[in-house]
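The values are calculated or read from the model by the stated rules, or taken from the named source; none is laboratory data. Bear in mind the structure is a predicted one, so any value in this text is a computation, not a measurement. Heads up, the Cβs are rebuilt from the backbone with ideal geometry, glycines too, and the neighbour counts pull from every protein chain shown. Side chains included, ligands, DNA and RNA excluded: accessible areas come from the protein's heavy atoms. Shrake-Rupley method; radii C 1.70, N 1.55, O 1.52, S 1.80 Å.
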Amino acid sequence: MFRSQVVALFVKKNSKALYNLWGTTPSRVLNEESYRLFSTGATRKCLDGFQSLSKGNYVPSIRNMSTVASVGIENKEGLKLLVNGGPRAQKMVGIWLFGSAAWVFSMVILGGITRLTRSGLSMTDWKFTGRLPPLSDEDWLLEFGKYKQSPEYNRVNQGMSIEDFKFIYWMEYAHRMWGRALGIMFALPFSYFLRKGYITVQLGLRLSALFGLGAGQGLIGWWMVKSGLEEPASEYAQPRVSPYRLAAHLTSAFAIYCGLLWTGLSVVMPEPPSESLAWVRGAAKVKQLALPVSLLVGVTAVSGAFVAGNDAGHAYNTFPKMGDTWIPEDVFDMKPLIRNFFENTSTVQLDHRILATATLFSIGALWWSTRKLDMHPAVRSLIGSAVGMAGLQVTLGISTLLSYVPVELGTAHQAGALTLLTLMILLNHTLRRPLPYLLKSLPQVAKTI
């Protein structure tokens, strides 16, 4: 009883300050649950904090962000949270977004396995809503009959048994249904959070765009597969999907993954970690180098899609030379010249080698040029991780090439590309500049324990 009286007296005395902070009357915000919060062992700390607020001495800090400051209202200094409803809502939405990003990551890996096992052309039709798999021997014979009419069967898999066909069919079917399951897993929580009022307008627009891009992935995927069901121009050429369409499909998946990861990080970490102005200045210097390096990582990953689309990994299985020469003689044989960079097997592989090497040295240079800067430990750790991952990725790429692209190494190489991109996304998100209100509260040098 005494505690309730203390709370009531405190609210009455500081009602004006509480109204300015919450944008509504204290009686509407301090419900039964809030009274229990003030009645715990942390009562004195909470009261002291609000007492300072009423005197105009409140200094916001992202490191000590309270429940009240996480309600999703834009404060006076400009911090605008993406999620309404407090820390619990932030945590729920963040877990959902990170889970969705992990699902997209698994989709990319499954897609790589589907391509490397040459399973992508086993299903010769497509429905947006999907359908049940063959459930009887008659259904399997019907699907196998459709596949026998495709160029891939007639030129590559002539005489394939129905058991072998079932394997490649299940691989493609799993890839398609895993994508549809992702759509459901994303849409249902999205609807729930919208109904609960957790999603702000800014976050809602961003997530709607990502959902639309995800829905379009199915169309892009079928557009890609359809190109592989057409007769090749040459009677000696093997049927394969268009490298342009494969690159579009993979680049779109990468974009969705990066968008989900960045948005999830923005939800759970609205402000970057910063303990001092010296660390903020160090982060600004690192960012000038990290952004172009990140773009190079992305371009290298996209060039890998053209290597896959042209089956360029099955040519010039030597390193560091390409066969007996450093640069093959036919790198500019196609006309117009620009076609060589996307359709010429020799040029595509040479480009990927050059870009991968440039990426490795660029990340190494990023580490070398920033090693003496005063920066947050998280930034230093991410740079070191990126260096290690870049070295591993180049090693995987060379091993995959020398081994004639086995499924295991090819899949690991594709996963490595997305892992390296993940580290660069984390680094750039951590390097954001804090808002002015936080800069005003930071010391010149971080405290050491």
Run the 1.4 Å probe and let me know the accessible area of LYS226, rounded to the nearest 10 Å².
100 Å²
Ranked from the most accessible area to the least, with a 1.4 Å probe and all protein chains present, what is the order of PHE319, PHE186?
PHE319, PHE186
At 7 Å along Cα-to-Cβ for each site, give me the label-to-label distance between THR117 and ARG88 in nm.
4.4 nm
How large is the accessible surface of THR325 in square angstrom, using a 1.4 angstrom probe and rounding to the nearest 10?
60 Å²
Report the full-extension gain for the segment MET177 to ARG131: residue separation times 0.36 nm, less the Cα-Cα distance, to one decimal in nm.
15.7 nm
From most to least accessible, 1.4 Å probe, no ligand or DNA/RNA atoms counted, GLU152, GLU163 line up as GLU163, GLU152
Can you pull the one-decimal nm distance between simple spin-label points at VAL268 and ALA284, each 7 Å off the Cα toward Cβ?
2.9 nm
Using a simple spin-label model with points 7 Å from Cα along the Cα→Cβ vector, what separation in nm is obtained for TRP170 and MET185?
2.0 nm
So with the 1.4 Å probe, I'd like the accessible area per residue for the stretch 79-150, rounded to whole Å².
48 Å²
Could you please report the charge total around LEU291, scoring K, R as +1 and D, E as -1 over all other residues with beta-carbon less than 15 angstrom from its beta-carbon?
+4
Determine, from the Cβ-Cβ distance of ILE398 and THR200 and an R0 of 56 Å, the FRET efficiency 1/(1 + (r/R0)^6), rounded to the nearest 0.05.
0.75
Protein chains only, probe 1.4 Å: how do LEU205, LEU431 rank by accessible area, largest first?
LEU205, LEU431
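Could you please state how large a percent of the accessible area of the stretch 132-212 is carbon and sulfur, counting protein chains only and using a 1.4 Å probe?
63 percent
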Looking at THR345, ILE363, GLY304, which one has the Cα that reaches farthest to the positive end of the dipole of the stretch 299-371 (charges on Cβ: Lys, Arg +1; Asp, Glu -1)?
ILE363
Please work out the average accessible area per residue across the stretch 224-339, using the 1.4 Å probe convention, and give it in Å².
49 Å²
PRE zone check, label point 7 Å out along Cα-to-Cβ of ARG155, amide N under 18 Å, scope the stretch 222-259, hits 224-246
Rounded, prolate or oblate, given the Cα gyration tensor of the stretch 180-222, with a/c below 1.5 counting as rounded?
oblate
Can you give me the Cα centroid spacing of the stretch 249-308 and the stretch 192-209 in angstrom?
23 Å
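Kindly identify the stretch 318-365 as rounded, prolate or oblate by the Cα gyration tensor criterion: order the square roots of the eigenvalues as a ≥ b ≥ c, call it rounded if a/c is under 1.5, otherwise compare a/b with b/c, prolate if a/b is larger, else oblate. Write down the numbers at each step before the final one.
Values: a/c = 3.37, a/b = 1.54, b/c = 2.18.
Oblate, since a/c reaches 1.5 and b/c is not below a/b.
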Give me the percent of accessible area attributable to carbon and sulfur for the stretch 272-416, probe 1.4 angstrom.
69 percent
Rounded, prolate or oblate (a/c below 1.5 giving rounded, otherwise prolate when a/b exceeds b/c) for the stretch 226-330 by Cα gyration tensor:
oblate
